[in-house]
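K.L.:
Before I ask anything, here is the structure I am working with.
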Amino acid sequence: MSRQIDSPRKDNSEENISRKNNSGKDGFKDRLEQKLKDRKVQNLFRKRHTLTSCQGPTVKIDGRLLINFCSNDYLGLANHPEVVSAFKKTADQYGIGSGASSLVCGRCDLHQRLEERLAEKTGREAALIFPSGYMANLAVATTFAGRADGVFLDRLAHASLIDAARLSNARLHRYQHVDPASLDLALKQSSADQKLVLTDAVFSMDGDKAPLDELISVCNVNNAVLVVDDAHGFGVLGKNGGGLLEEKEISVGDVPIFVATFGKALGTAGAFIAADQIMIETLIQFARTYIYTTAQPPALISATLAALEVLEIESWRREKLGALVKHFCSGANALGLDLLSSETAIQPLMIGDSENAVRISDELFDAGFLISAIRPPTVPEGGARLRITLTAGHTEEQVDRLLETLGRLL
Ligand SMILES: *Cc1c(COP(=O)(O)O)cnc(C)c1O
C-alpha cells in the first residue's frame with residue numbers, strides 16, 4: 001500500500017483505472033467495512049447521540065426531552081450562570097483563540113492565575129494546565145518515565161493512563177484492581193531504574209475508590225513515585241472539593257504528582273498537573289503534549305476559575321449529590337438491582353452481556369432516560385453495564401422515576 005501512495009501521480013486515465021482496481025486503497029476500505037461489520041455482530045457498535053440542548057439533568061435529543069443519567073457534570077456547573085458569564089466577559093475582552101502554544105505566545109495572565117489557584121487549591125508548589133486530561137496523562141508518563149523505567153497500572157486504569165504508559169516506552173506492568181499486595185509484588189519483581197505507579201483515584205467505569213493509604217505505603221517501601229488521576233473526585237470529594245486526597249487527608253508528599261480534569265465536576269474543559277516546582281519545570285521543558293499544542297482559550301480559563309469559586313461557595317451541591325447517591329443506592333438495594341459497590345456519583349448497574357446492555361439502554365431511552373451502555377473494550381469482556389451517574393442537578397423525584405423504571409425493565 002505504501003508503494004502505491006509513494007508512487008508519483010500520473011494523469012494517464014488508463015493507468016488510473018488499473019491502479020484503482022488493484023490498489024491497496026480499495027482493499028483498505030474493504031477491511032474497514034469488515035471491521036465495522038464485526039463490531040456490529042459483537043454488539044459493540046457505538047452510536048453517537050446529538051443533543052440539541054445544553055448539558056444538564058435533562059437534555060433534548062431528536063426533539064425529545066430525556067432525563068440524563070450519564071453525564072459527568074456532577075455538580076451541574078456546565079451551565080452555571082457564573083461560569084457562563086465569566087466565559088462571556090473574557091471572550092469580550094480577550095477574543096476566543098489563544099493563538100499559539102503556551103511556550104510561544106498563547107499563555108496569558110489568566111493561565112498564570114489559574115495555575116496559581118490550582119497550586120494553592122491542591123497545596124502544591126505549582127500547577128500546569130493542559131487542553132485535556134488525556135494529554136495531561138500522556139505528559140506525566142512520557143516525561144517521568146522512559147525505556148529503562150517501569151510503569152505500574154491498576155488493571156482498570158483509565159484508557160488515557162494505559163496509552164500514556166505505552167507511549168512512554170517504559171515497561172508496562174498491570175496489577176490487580178485496587179490490590180496493593182499485587183502492586184507490591186510487581187514492584188518487587190521489577191528491576192526498573194525508576195518505578196512510576198499511576199492510578200485513578202475514583203475508577204471511571206466502576207465508581208470505586210483507590211486504596212490510597214495502602215498504595216502509598218507500598219510505593220514508599222519500594223521507592224516508587226505515585227501519580228493519582230482524580231478526574232472523577234476533584235470537585236466532588238472532600239469538604240472543599242479538593243478530591244479524594246482531601247477526603248482521605250493524605251499529605252501532599254505522599255502523592256508527588258496529582259492530575260485532575262476540568263471537564264467533569266468543574267463543568268468546563270481541560271486538565272492540570274500539580275506537583276513541586278522541579279517536576280512542573282521539567283514538564284514545561286519536556287512534555288510534548290504541553291509544548292506542541294495550542295494553549296487553552298482565555299475565556300475557558302476564566303470559566304474554570306469561576307467554577308473553582310462556585311465549588312467553594314456552593315458546597316450545597318456536593319451535599320445534595322451525596323444525598324442523592326444515598327437515596328439511589330438504598331432504592332436500588334431495595335429493588336435488588338445488581339449495582340457495583342460504589343459510594344460515588346458513578347453507580348454502575350451490571351448487565352454482563354453487551355446485547356442486553358444495549359437493549360436495556362434503548363428501552364430506558366424509550367421510557368425517557370438517557371443512560372448509555374458501556375461495553376468492552378471500555379470495560380472487561382462480559383462486564384457490559386449501564387453506567388448511571390447522578391448529579392447535583394437531579395431531583396429526588398427524577399431519581400425515584402429512574403428506580404421505578406429500572407424495577408419495571410429489569
Ligand atoms: C475523563 C478522564 C480522563 C480524560 O480527561 P479529558 O479531559 O476528558 O481528556 C483522564 N482520566 C480519567 C480517570 C478520566 O475519567
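Just so it is clear, none of the values below were taken in a lab; they were calculated from the coordinates. The model shown is predicted, which means the values in this text are computed figures rather than measured ones. Cβ: placed from backbone, ideal geometry, glycine included. Neighbour counts: every protein chain shown.
K.L.:
Ordered by packing density, taken as the mean number of other Cβ atoms within 10 Å over each peptide's residues, highest first, how do 300-307, 125-132, 83-90 rank?
P.N.:
300-307, 125-132, 83-90
K.L.:
Here's another thing I want to ask about it. Using alpha-carbon pairs under 8 Å, 6+ residues apart, how would you state the relative contact order of the range 352-410 in percent?
P.N.:
Computed over the range 352-410, the figure is 33 percent.
K.L.:
Using only the Cα atoms, what convex hull volume per residue in Å³ does the range 302-410 have?
P.N.:
Dividing the Cα hull volume of the range 302-410 by its residues yields 119 Å³.
K.L.:
Just from the alpha-carbon atoms, what are the Rg and Dmax of the range 135-176 in angstroms?
P.N.:
For the range 135-176, the Cα-based Rg and Dmax read 9.1, 25 Å.
K.L.:
Express the relative contact order of the range 212-296 as a whole percentage, based on alpha carbon pairs under 8 Å and six or more residues apart in sequence.
P.N.:
Computed over the range 212-296, the figure is 21 percent.
K.L.:
Further, regarding this structure: What number results when the radius of gyration of the range 45-190, computed over Cα atoms, is divided by 2.2 N^0.38 Å?
P.N.:
1.39
K.L.:
So how much slack lies between CYS54 and LEU185, counting 0.36 nm per residue of separation and subtracting their Cα-Cα distance, in nm?
P.N.:
Result: 42.4 nm gained on full extension.
K.L.:
Separate question: For q = 0.13, 0.15, 0.21 Å⁻¹, what log10 I(q)/I(0) does the range 349-394 give under the Debye formula with an equal point scatterer on each alpha carbon and no solvent?
P.N.:
Reported log10 I(q)/I(0), two decimals: -0.28, -0.36, -0.65.
K.L.:
State the Cα centre-to-centre distance between the range 189-263 and the range 112-137 in whole Å.
P.N.:
Cα centroid of the range 189-263 versus Cα centroid of the range 112-137: 16 Å apart.
K.L.:
If neighbour count is taken as other Cβ atoms inside 10 Å, put HIS49, HIS158, HIS327, HIS173 in order from fewest to most.
P.N.:
Starting with the residue having the fewest Cβ neighbours, the order is HIS49, HIS327, HIS173, HIS158.
K.L.:
Can you give the log10 of the normalised intensity I(q)/I(0) at q = 0.11 Å⁻¹, computed with Debye over equal Cα scatterers of the range 218-336?
P.N.:
These q points yield log10 I(q)/I(0) values of -0.49.
K.L.:
Oh, and also: What does the extension gain come out to for LYS40 and GLU116, with contour length at 0.36 nm per residue minus their alpha carbon separation?
P.N.:
Gain on extension, LYS40 to GLU116, equals 22.6 nm.
K.L.:
Here's a follow-up. Students often check this: by mean Cβ neighbours within 10 Å, which of 350-361, 218-229 ranks highest, and how do the rest follow?
P.N.:
So the peptides 350-361, 218-229, ranked by packing, come out 218-229, 350-361.
K.L.:
Could I have the simple spin-label model distance between ARG147 and ASN169, label points 7 Å from Cα toward Cβ, reported in nm to one decimal?
P.N.:
Here the answer is 0.5 nm between the modelled labels.
K.L.:
Under the 0.36 nm per residue contour assumption, what length would be gained going from the current alpha-carbon distance of ARG31 and ARG401 to full extension?
P.N.:
Length gained, ARG31 through ARG401: 128.7 nm.
K.L.:
So what's the convex hull volume per residue for the Cα atoms of the chain, in Å³?
P.N.:
189 Å³
K.L.:
Viscosity 1.002 mPa s, temperature 20 °C: Stokes-Einstein D of the range 81-313 from its Kirkwood Cα radius, in µm² per second?
P.N.:
Reported coefficient: 121 µm²/s.
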